[in-house]
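The values are calculated or read from the model by the stated rules, or taken from the named source; none is laboratory data. Keep in mind that this is a model prediction, so the values were computed, not measured. Positions of Cβ are generated from backbone atoms using ideal geometry, with glycine treated the same way; all protein chains shown enter the neighbour counts.
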Amino acid sequence: MAAYILKREGLGMQKALKKYFALFALPGLICFAIAFFIPMIMGLILSFCKFTDVTNATWIGLENYKYVFLNGEFTNALWFTVKFTIVSVVSINIIAFSLAILLTRNVPGTNVYRTIFFMPNLIGGIVLGWIWQIILNGFLLKYQVTLVTDPKYGFWGLVILMNWQNVGYMMIIYIAGLINIPKELIEAAEIDGANRRDTLFHVTIPSIMPSITICSFLTLTNGFKLFDQNLALTNGGPGKTTEMLALNIFNTFYGRVGFEGVGQAKAVVFTIIVAILALTQLHFTRKKEVEA
Amino acid sequence: MKKSLVLLTTLLVLGASLFANGTSESKATDEVYFLNFKPEVADIYTEEVAPAFEKETGIKLKVVTAASGQYASTLKSEMAKSNPPAVFQTNGPIGLAADKDNAMPLTDTKFYSILGDKSMALQIDGQPAAIPYAVEGYGIIYNAAIMQKYFDLASKKVNVSSMEEINNFATLKAVVEDMQANKDALGIKGVFASTSMSAGNDWRWQTHLVDVPLWAEFKEMSGYNSIVEAGLAASTSDFKYNQNFKALFDLYLNNSTIAPTLIGSKSVDDSMAEFALGQCAMVQNGNWGAGQILGVTGNKVSPDDIKFIPLYMGLDGEESQGLCVGTENYLCINNNLSDAAKANADEFLYWLFASDTGKKLVQEKLGFITPFNTFTEAEMPSDPLAKDVVKWMNKDGVSSVPWAFAAIPSQEFKNNFGADLLQYAQGQMTWATVVKNYQNNWASEYKLAHNN
């Protein structure tokens, strides 16, 4: 009987959902269309056009795509971005996870620490970039070099900056995951004689796979889309050696007369790359998710 | 529950409609929108020029200033808006070619009528479309007080005792190196201000310093009316006088306030501040930098002590070489506006350069050396560097170096060249590679510019 009622209520709910779906979805859909969908379609069309601003485009077919890999600068930016993303995804997630473990162990002042670690996330990327540029250049002055002396300084500078900014946010997600692990599971593991290491790798981590999925997704896409921090910290220097994809697209679009379409074509290629990577990553981490 | 959902929905719809409306800005026909290129005088436009103009003509002036190095991109995005700039700047023939659809023919405007030498205007299809408003000059700015201190120094090893004797590279080099050796006695950190190379701050080298070798190279091409015309026709450039460029650039790097490895973190502002605070004796820059010297808090340089010498780099006959004088500042009126808006824009430019109030502001606050026939000799700017530029322009036996860099095929070329110079300064690239990259870049950028 109870099951029957539940089922009926569910049906009623579904009916109501169907009835009001359009009404509730409409505002969101309108915003989505204006802010995302329409610009994206326009952008795709513009990548096949020659234009100086969006009002005077003329169709030229695939011409723009021929210049995407000109001088190899897009390829360089791609490799730099890939290297940066790999390093930052690994480091951010490991640090964030370790902090989350520490801060779910009833350490005194846990909430204060959580707040402090989360704070850098509230500061804008450009501001952070400038602040870290001053800090890092001040430190490097001791060795009579600067952030743009060698690409490696810029690279590690960006990694430090991104870690500092993102660790707090990911930590909160991990904490939420850790708190939700049923106590019985851990206790059962203890009773079965599992040591801390085994508990961590065979109970805790599998239980928070959804958190890992979301954190690695966020850090991966953040890494690939990084722009403000790159612009403020090194602006690609020395030369274009620390220029990441988004900055390269921006510089192509705005920095070179007659290259607006090429910038747009690069943006389309960029979108495809990020989409493929993000979907692949989601697919693989989702597979590892388990039901507690 | 239902009520709050309805409320939420209404709010969302409202929000969406607000967002949709956000892009259309209020249009005022009695307003002139000026997109300013010069950040160093941005405040003067908004705080003094705009109120004075509105008071005298009743027309509002909206001034937006693009960040340093961001003018082209700012202009591009502003032009696409529903309320685009009425008056905008272009930097020369190459910049104008990119904006040819937006610049209106100025033949019948009041602004064009006051231009002294009509040949200075840039043309599109035989019609004037861009008018220069400020002639500028640059060279090496020196602090006469510190130089005098050196000339009076007992321990000096070079037999030079006045700035007039420094009229070639060899003398300059000898004096600079001896000064660097005596920097503690002179109370300076180095002879030259830091060779600033941080992002967007390398134009003093990749555009200005390279002007002299470009001029020397284009001068040898025959059959052209002007240096820039010759340069624009050059599909390749050998950088023939690269050793001269290198000689002066090395002198800057090796006799500076900081080590060459640190220049990547320095901005032009830093360099000018070093000069203003008396930490160095020389800095390469132009007359627009006067404000950056005299306006710095704690400034230790007296206006009478700021003077120019030309960019000597060992070219033949350089004793008669003057400052690099030219203009990169042309104004255009937006062709896509209504006739009334165009007339207002013309009115503003005429007012600024022909009315008494406008001229006074130009002379005393903006400090432009203008090419307009409305300015008398006595109305030339009063800042010491502008005065010195005028002095050099009229000096006997010396002729100014034109701004040949207007012929550089693209901004991309300058950026790449600047990046190579930084790598060279930091010891990561040989000079031969810098020269080779210069040649390849010129050829490929010329080709791209002429394909598109």
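Among the candidates B:Asp383, B:Asp388, which residue alone is among the acidic types (Asp, Glu) and under 22 Å from B:Glu48 (Cα atoms)? Exactly one of B:Asp383, B:Asp388 is among the acidic types (Asp, Glu) and under 22 Å from B:Glu48 (Cα atoms), namely B:Asp383.
Taken together, the criteria place A:Ile134 among residues that are at the interface with chain B (Cβ under 10 Å from one of its Cβ atoms), in a helix (DSSP H, G or I) and out of contact with any strand residue (DSSP E or B) (no Cβ under 9 Å at 6 or more places or on another chain). Of all residues in region B:390-411, exactly one satisfies the criterion of being farther than 30 Å from B:Ala378 by Cα, out of contact with any Asp or Glu (no Cβ under 8 Å at 6 or more places or on another chain) and in a loop (DSSP other than H, G, I, E, B), namely B:Ile408. The single residue among B:Ala378, B:Ala419, B:Ala386, B:Ala343 that is closer than 21 Å to B:Trp205 by Cβ and hydrophobic (A, V, I, L, M, F, W, C) turns out to be B:Ala419. Of all residues in region B:412-431, those that are in contact with a helix residue (DSSP H, G or I) (Cβ under 7 Å, 6 or more places away or on another chain) and outside any helix (DSSP H, G or I) total 2.
Among the residues of region A:77-121, how many are polar (S, T, N, Q) and outside any helix (DSSP H, G or I)? Of the residues in region A:77-121, 2 are polar (S, T, N, Q) and outside any helix (DSSP H, G or I). Taking strands (runs of 3 or more DSSP E) as the structural unit, those lying wholly within region B:82-194 and holding at least 2 residues that are touching a residue at least 12 places away in the same chain (Cβ under 8 Å) and small (Gly, Ala, Ser) correspond to B:127-132, B:136-143.
Which residue is surrounded by the fewest Cβ atoms within 10 Å (Cβ to Cβ), if the candidates are limited to region B:351-383 and must be over 23 Å from the mean Cα position of the chain (by Cα) and either β-branched (Val, Ile, Thr) or closer than 18 Å to B:Val63 by Cβ (or both)? In this case the residue turns out to be B:Thr376. Answer yes or no: is there a residue in region B:204-220 that is in contact (Cβ under 8 Å) with a residue 24 or more places away in the chain, in a loop (DSSP other than H, G, I, E, B) and surrounded by fewer than 21 Cβ atoms within 10 Å (Cβ to Cβ). No, that holds for no residue. For region A:41-75, a residue qualifies if it is in contact (Cβ under 8 Å) with a residue 12 or more places away in the chain, more than 24 Å from B:Asp101 (Cβ to Cβ) and either facing chain B (nearest Cβ under 8 Å) or loosely packed, with under 13 Cβ neighbours inside 10 Å (or both), and exactly one does: A:Leu62. Would a scan of region B:51-68 turn up a residue that is acidic (Asp, Glu) and more than 14 Å from chain A (Cβ to nearest Cβ)? Yes.
Being more than 14 Å from every other protein chain (Cβ to nearest Cβ) and in contact (Cβ under 8 Å) with a residue 12 or more places away in the chain is not true of A:Asn230. May I ask you to verify whether B:Ile333 is aliphatic (A, V, I, L, M), crowded, with 23+ Cβ neighbours inside 10 Å and in the same structural domain as B:Arg204 (by TED's automatic domain parsing)? When the stated conditions are applied, B:Ile333 does not pass them.
Across region B:260-267, not a single residue is classified as away from chain A (no Cβ under 14 Å) and modelled with pLDDT of 90 or more. Kindly check whether there is at least one residue in region A:82-90 that is within 30 Å of A:Thr241 (Cβ to Cβ), at pLDDT 85 or above and within 14 Å of chain B (Cβ to nearest Cβ). There is no residue in region A:82-90 that is within 30 Å of A:Thr241 (Cβ to Cβ), at pLDDT 85 or above and within 14 Å of chain B (Cβ to nearest Cβ).
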